[in-house]
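Q: Before we start, here is the structure in question, set down as structure tokens.
The values are calculated or read from the model by the stated rules, or taken from the named source; none is laboratory data. These numbers come from a predicted model, not from an experiment. Cβ: placed from backbone, ideal geometry, glycine included. Neighbour counts: every protein chain shown.
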Amino acid sequence: MTQAMTTEPIPVMLPPTALVIDDSAIQRSMLKRILTEAGFRVVGEAPTADGLVRLYEHHRPDLVTLDIVMPGVDGAEAAADLLGRYPEATVVMCTSLTTREKILACQRAGVRHYLLKPIVADRAAAIFRHVVPRAKRSV
Amino acid sequence: MQICAACDHSNTPARGYCAACGHMLRLVCRSCRFANDHGDRFCGGCGLSLLMPAVARTVAGGKSSAASATSAELDELFAASSAMQDDMLPASGVTQDDLDRLFGARVRQ
């Protein structure tokens, strides 16, 4: 007896994707390493948030990490702008800024988490996995 | 167009914040990220109450319930909710633990 052929698509697990925005090449490199080791695929990076919306629309990443103090657009303002357009976006701030007003503004804009520099790799990886809990499943 | 509740400015539908005064036009659900209109009581995406549980309990224990609250009462609730969030952060010396509490993530390393 032959086994019936199935036409059901086979689910394929794709790694979640991430976009890294930070004006420091060293910080971007470190974040990319942490994200990769946490199971993410880094699909883009930039030293400013000036083109964040365009980058997001192009890559549709599962996670965006954003510095705040950068040349050009302030990262917190960029996050609020992005989340205003795409509330489903998952944004984690990665910054050394501890200004109370800025933190609360990020929280109210819908930022999912706020990670302080210097980045502790294990903690950052745990937070990234926490805010993007499941790998994308597609066929 | 979205009319800002704070200044009556007409905003394009895509905006989350008022172009004229910066007032929040939409309320993002902390659970499912659905963009609700300002003043909505329950999330349109997942049905979650958009009021903080502690605040809802406080109102239910008083003269009115969250379900029957007027717009003015709801605005007060949102203000109270924001104040509670503010209290979760120290005035200075913010640590990652403070931020984990504020952003609601009990992250295990």
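Q: Looking only at the range A:123-139, decide whether some residue is more than 13 Å from every other protein chain (Cβ to nearest Cβ) and either hydroxyl-bearing (Ser, Thr, Tyr) or under 13 Å from the mean Cα position of the chain (by Cα) (or both). Let's see the steps before the verdict.
A: Of all residues in the range A:123-139, those more than 13 Å from every other protein chain (Cβ to nearest Cβ) come to A:134-139.
Applying the additional criterion that residues be either hydroxyl-bearing (Ser, Thr, Tyr) or under 13 Å from the mean Cα position of the chain (by Cα) (or both) yields A:138.
Yes, that holds for at least one residue.
Q: Here's a check for you: in the range A:1-24, which residue that is assigned to a strand (DSSP E or B) and farther than 24 Å from A:Pro118 by Cβ is modelled with the lowest pLDDT? Steps first, answer last, please.
A: In the first step, residues of the range A:1-24 are kept if they are assigned to a strand (DSSP E or B); the result is A:12-14, A:17-21.
So of that shortlist, the ones also farther than 24 Å from A:Pro118 by Cβ come out as A:12-14, A:17.
Values: A:Val12: 69, A:Met13: 76, A:Leu14: 85, A:Thr17: 96.
If we take residues in the range A:1-24 being assigned to a strand (DSSP E or B) and farther than 24 Å from A:Pro118 by Cβ, then A:Val12 is modelled with the lowest pLDDT.
Q: Out of A:Gln107, A:Gln27, which single residue is under 25 Å from B:Thr95 (Cβ atoms) and modelled with pLDDT of 95 or more?
A: Working: A:Gln107 fails: modelled with pLDDT of 95 or more.
Answer to the selection: A:Gln27.
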